[in-house]
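Comments concern the structure below.
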Amino acid sequence: MRRRKAGSGPPRWLRIAGAATANAINARNDEVPMKQQDENVQRKHIDLPESFIFSTEYEVLYSDVNSANHLGADRVLPIAMEAQLRFIKRLGYTDAMAFEDAGLIMAHSEVQYLSEAKYGEKLLIELTPSNLGRKSFNLVYRIQNLTQDRELARVVTTLLFFDYQASCVIEVPETFRDRIAKVQASNRC
């Protein structure tokens, strides 16, 4: 085993990883008090609408649970997408994957994690459309853990209608806008 000389810098594998990585690993976190480290972390806050026009329940599956025995962070977005598909069906479309002569593609997503869930727990996913633009719209989600009676996560996705035959983004169809308006009107009681 070859030894490095003291003061010769980081090992080769670390130099390959890049100077930023080397600096981060070599930085001494104990020089900065923990409270100050937490204050420097940027956290995204997702604002919720006054009301949601759709909700559905979901039971945390075995495949959603990670080795720490709770819902994996990487599973929150797929759960939100399942709610999105159920919402599209609620709008009256028979095919929630391709409709209006196009498909929906996700252009952007943000997740704010608030608490955890465990296998078998029941979740309530609420969603509502917002910012209906000419070619895009957002879906805002609130995911609540019904079993533990607390909010689990908030999600925002930006969606586009995409014409796969023409290979381009198209305008949000008027019939889609109309169906959303009907669901919004039916929820005002």
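Computed from the coordinates by the stated procedures, all read-outs in this text should not be read as laboratory data. Note that the coordinates shown come from a computational prediction; the quantities given were computed from them, not determined experimentally. Every residue, glycine as well, gets a Cβ built from its backbone with ideal geometry; the counts of neighbours run over all protein chains shown.
Normalised by residue count, the range 111-170 yields a Cα convex hull volume of 100 Å³ per residue.
Filter the chymotrypsin sites (Phe, Trp or Tyr not before Pro) in the range 52-95 down to the DSSP loop ones having no more than 12 other Cβ atoms within 10 Å, then list what survives. Spell out each step's value before the answer.
Details: sites: PHE52, PHE54, TYR58, TYR62, PHE87, TYR93; in loops: PHE52, TYR93.
Of the chymotrypsin sites (Phe, Trp or Tyr not before Pro), not one in the loops of the range 52-95 has a Cβ with at most 12 other Cβ atoms within 10 Å.
Using the count of nearby Cβ atoms within 10 Å as a rough guide to exposure, how do VAL65, VAL60 rank from fewest to most? The fewest-first ordering by Cβ neighbours comes to VAL65, VAL60.
Taking other Cβ atoms within 10 Å as a rough exposure proxy, HIS45, HIS108 sort from fewest to most as HIS45, HIS108.
Stretched out straight at 0.36 nm per residue, the stretch from GLN112 to ASN69 would grow longer than its current Cα-Cα span by 13.5 nm. Note on the range 37-189: with charges restricted to the Cβ of Lys and Arg (+1) and Asp and Glu (-1), its dipole about the Cα centre is near 300 debye. Over all other residues within a Cβ to Cβ distance under 12 Å of ASP95, the charged ones net out to -1, with Lys and Arg as +1 and Asp and Glu as -1.
Of the GluC sites (Glu not before Pro) in the range 118-189, which ones lie in a loop per DSSP and count no more than 14 other C-beta atoms within 10 Å? Qualifying residues, ordered by number: GLU171. Each residue in ILE170, ILE180 was given a count of other beta-carbon atoms within 10 angstrom of its own, and listing them fewest first yields ILE170, ILE180.
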